[in-house]
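Worksheet: one structure, shown below.
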Amino acid sequence: MNGTVMYCGPTLPTQGLSAHALFTDGFPPHVERLAEQCPEIMRLMVPVANLSDVRRRLRRHGTEEHRLYQ
């Protein structure tokens, strides 16, 4: 992904990934490894420009974003 994205999932302390972490122009190696193990993580990496829409969908039961967050 290009540009700045925010991870909109829950904190995963054992994987070193914090809720609301920001990444610019790529991801550190530990996040790349986590994405290989759990590709759905990348669906919670949201361009900052889309953040308000995604956060709204995270709160709404039945949306894909809500399901992924769980």
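The values are calculated or read from the model by the stated rules, or taken from the named source; none is laboratory data. The shown structure was predicted, so the numbers you read here are calculated from the model rather than taken from an experiment. Glycine also receives a Cβ, built like all others from the backbone with ideal geometry; neighbour counts cover every protein chain displayed. Ligands, DNA and RNA are excluded from the accessible area calculation, which covers all protein heavy atoms including side chains. Shrake-Rupley method; radii C 1.70, N 1.55, O 1.52, S 1.80 Å.
Answer with one residue from Phe27, Leu12, Pro39: the one whose Cα lies farthest towards the positive end of the charge dipole of the chain, charges on Cβ with Lys, Arg +1 and Asp, Glu -1.
With unit charges placed on the Cβ atoms, the residue in question is Leu12.
I need the calculated FRET efficiency for the pair Val54 and Asp25, taking r as the beta carbon distance and R₀ as 30 Å, to the nearest 0.05.
For Val54 and Asp25, the calculated efficiency is 0.90.
Which percent of the accessible heavy-atom area of region 3-44 goes to carbon and sulfur, probe 1.4 angstrom? The partial results should precede the final answer.
Values: 1340 of 2420 Å².
The value for region 3-44 is 55 percent carbon and sulfur by accessible area.
Can you pull the one-decimal nm distance between simple spin-label points at Cys38 and Leu68, each 7 Å off the Cα toward Cβ?
About 1.3 nm separates the two model spin labels.
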